[in-house]
Amino acid sequence: MKRSYCLTLIALILLQYTNGWAQTNHPDAKCLICHGKPNFTVTIADGQVKSLYVDTSLVKASVHARWSCTDCHAVVTSIPHPANLPRVECTQCHFSGNKVGAPQGDMYDQYRESVHGLASSAGKPNAPHCQNCHGTHQIRRHTDLESPISRMNVSATCGKCHTKESSDFDQSIHGSEVIKGNPDAPICTSCHGEHEIRMRSDPASQVNAANIPNTCSACHSSAPLMTQYGVRTTQVKTYEDSFHGIAIKFGQKQAANCSSCHGIHDIYPASDARSSVNVVNIPHTCGNCHKDANANYARGRIHVDAEDPEAGIIYYIASFFKYLTITTLIVLILNIILDVRRKLITRKKPE
Amino acid sequence: MSPVDSRQAGSTDHADSKQTTRLYNILKKNDLEPDRYLPGLIDSALAKVSDSELEALVLQIVRSNNASTAANSQVSTSVHVEETFQRFNLTTRLQHGMMAISIVILILTGLPIKYHEAAFSGWLIELMGGIEVSSLIHRIGATGLILVGIVHLFYITATRAGRSDFIKLLPQPKDLFDWIQMLKYYFHRTDIKAKFGRFSYIEKFDYWAVYWGMIIMISSGSLLWFETEALKFVPKYMMDIATEAHSDEALLATLAIVIWHFYNVHFTPAKFPVSKVFIHGRLTREEMEDEHPLELEEILVERKRQNEKTSAKKRVNS
């Protein structure tokens, strides 16, 4: 057994060296004898039929065009292949300091600590690996519109597993803008992160209750971005100044964050009847936390900025107190200064 | 006791002091205790009579009063022990104390919410054990404040002392004139200070500022405390008004207490750094003369009336 393994290896190495002068001896040629046939399938244990066909044009168009099958499928050393071949490990090239120039940053470490990486190392069969998002033979740059990780395709890629979230998102204001090709609109990874996607309950997650305001404000506090869409940028500030915002900040986890009211994947403009912050839906939305919420909850602004005349009566109340405080304190402090001055003078006199 | 010391018992005026010395010498010569008789004599218009005549008169007065009237004994003790006047009774002091504690609690748990951006706010909330705990403490403080409010309303309606104080706290034209007089005094237009009664315009301002503050803070605070119940009856913008008013009035009240009230009571040169009146409720005669001369006058008139009454009763009895 060991001997035949060695012989195959030698044969393969020889094959590699003979590559240059015999086109017919291209290293992939052997693989494609079988894998180049579109009807090449295998029936797995549970009766599922799995295609083993490889469309070489996909590989040729991918970033890995210059590599041959066994560069990635390095464990395949014999024909017929042993059963239960492990999946391709991208890290065999994508490691820091690799000599073939495969891009590598912190992604792999981030992935390992992510919810996906943890699931994978816990041995969960459905846990996604690099290939599940980046593709297999057709791996392309994220700037390539054909890439499964291009802006337009991310929702569908995540949606392979996260079906409901993806379809909710595609209908939402964010998702529909992405579909329109709007480069400003956020995609899944804008909020959840890419390789570092973490559980919502993880304090380090970008979508942890405590971090949601920060995550949303990345876009929603940017005036140049928001003015294009007629969305206020004061929403983040007014939220932070509201009791919900303050409570979150000081560690109260039940307090409402942006998504508690606006929704998560299904965010719509307040004018949309489907929006959780549409006037009609406000009682129901507030009712998630505030028992017996009624129409009174919708009477008045939600994001109140007392310094803005648009806040109406609240602005006038705030102004009243502002001027009352200023005048009172000026009068009181002047009175104190005069009193102290005269008292000190009178005190000195007798001496 | 020397003649100079005896000046403490009476006025500081030069003519008066000369007369006091004469009286003192006469009493000494006749083996009468000056401490006991002098205070009762100095007010008599005896300055113009000759020494021998004065002596005869003094002896006559002393002998006729030798039944040791309450007035004499009272005044004479005041020479030994510094006489004090009770301005605030125990009930008022307790009300004040409870209110002070409540307000300190409310400020410490409320300001970090208002100034949530400041680093000290996070630190203070953390120190108290999180926002859930600080909210609970705030409500305990609020309960204290509401209780004081109720007790005070009872005090100013159902008790004689309370009613009398409340009437004296009502603003009057005199307060405006007093303030103008004090402003003149501050600008050296006059050397005479305004003469205050039981409550000066400063104290009246403090009282009514608290009154206004209590109404604003308790009404808005109650809405916010019982938010779910309140929203069954009032629209959301009422809650926003309550939030705004609660936050703004809190700042005004805090500044008024820390700057105005603390200056007038504790930091003013004569009292610096702390006045203990809020503990014992008493003022010395000197302080009364300086701060509440009209109230002192009233107290003395009332005392005299009482004395006359008792001595008249005694005469009838004997």
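Values quoted throughout were computed directly from the atomic coordinates according to the rules given, and no laboratory measurement underlies them. Not measured: the values here are computed from a predicted model. Because the Cβ atoms are built from the backbone with ideal geometry, glycine has one as well, and the counts that use them run over all protein chains shown.
Here are a few things to note about the model shown:
- Added length on full extension, which subtracts the Cα-Cα distance from 0.36 nm per residue, A:Ile313 to A:Thr233: 26.6 nm
- The Cα atoms of segment B:108-186 give a gyration tensor whose axes a ≥ b ≥ c have a/c of 1.5 or more with a/b no greater than b/c, which makes the shape oblate.
- Relative contact order of segment A:209-305: 20 percent, from C-alpha pairs under 8 Å at least 6 residues apart in sequence.
- Whole-number percent relative contact order across segment B:187-318, with pairs defined as alpha carbons under 8 Å at least 6 apart: 33 percent
- Take the convex hull of the alpha carbons in chain A; its mean projected area over all directions comes to 32.8 nm².
- Three-way shape label, segment B:87-281, alpha-carbon gyration tensor, a/c 1.5: prolate
- Over the protein assembly as shown: Kirkwood hydrodynamic radius from C-alpha pairwise inverse distances, Å: 34.3 Å
- Residues of type lysines that B:Lys313 reaches as a straight line, Cα spacing below 26 Å, ignoring anything fewer than 8 places off in the same chain: B:Lys304
- Amide H within-cut-off set for A:Thr41, under 5 Å, with H built and near neighbours excluded: A:Leu52
- Bridgeable aspartates and glutamates around B:Lys232 (alpha carbons under 13 Å apart, same-chain partners fewer than 8 residues away excluded): A:Asp292.
- When only alpha carbons are used to place a centre, segment B:173-190 and segment B:88-106 end up 31 Å from one another.
- Entries of A:Lys124/A:Lys160; B:Lys195/B:Lys314; B:Lys195/B:Lys309; B:Lys28/B:Lys309; A:Lys343/B:Lys204; A:Lys322/B:Lys193 with Cα pairs more than 27 Å apart: B:Lys195/B:Lys314; B:Lys195/B:Lys309; B:Lys28/B:Lys309; A:Lys322/B:Lys193
- Working from label points 7 Å from Cα in the Cα-to-Cβ sense, the B:Phe187 to A:Cys289 distance is 5.5 nm.
- Entry note, segment B:87-281: relative contact order of 21 percent, from Cα contacts under 8 Å with a spacing of 6+ residues.
- Net charge, A:Ser167 excluded, C-beta distance under 15 Å - Lys, Arg +1, Asp, Glu -1: -1
- Segment B:87-281, dipole about Cα centre (Lys/Arg Cβ +1, Asp/Glu Cβ -1), debye to the nearest 20: 1160 debye
- Separation of alpha-carbon centers, segment A:247-280 and segment B:234-279, rounded to whole Å: 37 Å
- Given charges at beta-carbon only (K, R positive; D, E negative), |dipole| of segment A:109-205 in Debye: 240 debye
- Span from the segment A:58-84 Cα centroid across to the segment A:135-168 one, whole angstrom: 23 Å
- Normalised per residue, the volume of the convex hull around the Cα set of segment B:196-295 (Å³): 113 Å³
- For segment A:42-145, the Cβ-based charge dipole about the Cα centre amounts to some 180 debye (Lys, Arg positive; Asp, Glu negative; other atoms uncharged).
- Percent of C-alpha pairs per 5 Å bin, segment A:252-351, short to long: 2, 11, 12, 13, 11, 10, 7, 6, 5, 5, 5, 4, 4, 3, 2, 1, 0
- Farthest positive-ward along the protein assembly as shown dipole, Cα basis, beta-carbon charges - from A:Gln138, A:Ile79, B:Ser200: B:Ser200
- Unit charges at the beta carbon, dipole of chain A: most positive-side option, A:His192, A:Ala270, A:Ile337: A:Ile337
- Using the rule -39500 (n - 2.57) for each DSSP H run of four or more residues, divided by the residues of chain A, the 222 nm mean residue ellipticity is -13000 deg cm²/dmol.
- The C-alpha atoms of chain A define a longest principal axis, and helix A:2-18 lies at about 80 degrees to it.
- Eligible lysines near A:Lys60 by straight Cα distance, threshold 23 Å, same-chain separation 8 or greater: A:Lys30, A:Lys37, A:Lys50, A:Lys99
- Rounded, prolate or oblate (a/c below 1.5 giving rounded, otherwise prolate when a/b exceeds b/c) for segment A:209-305 by Cα gyration tensor: oblate
- Residue list for segment A:203-245, given a label point 7 angstrom along the Cα-to-Cβ vector of A:Asn182 and an amide N cut-off under 19 Å: A:215-236
- Electrostatic bookkeeping for A:Val54 treats Lys and Arg as +1 and Asp and Glu as -1; over the other residues with beta carbon under 12 Å from its beta carbon, the sum is 0.
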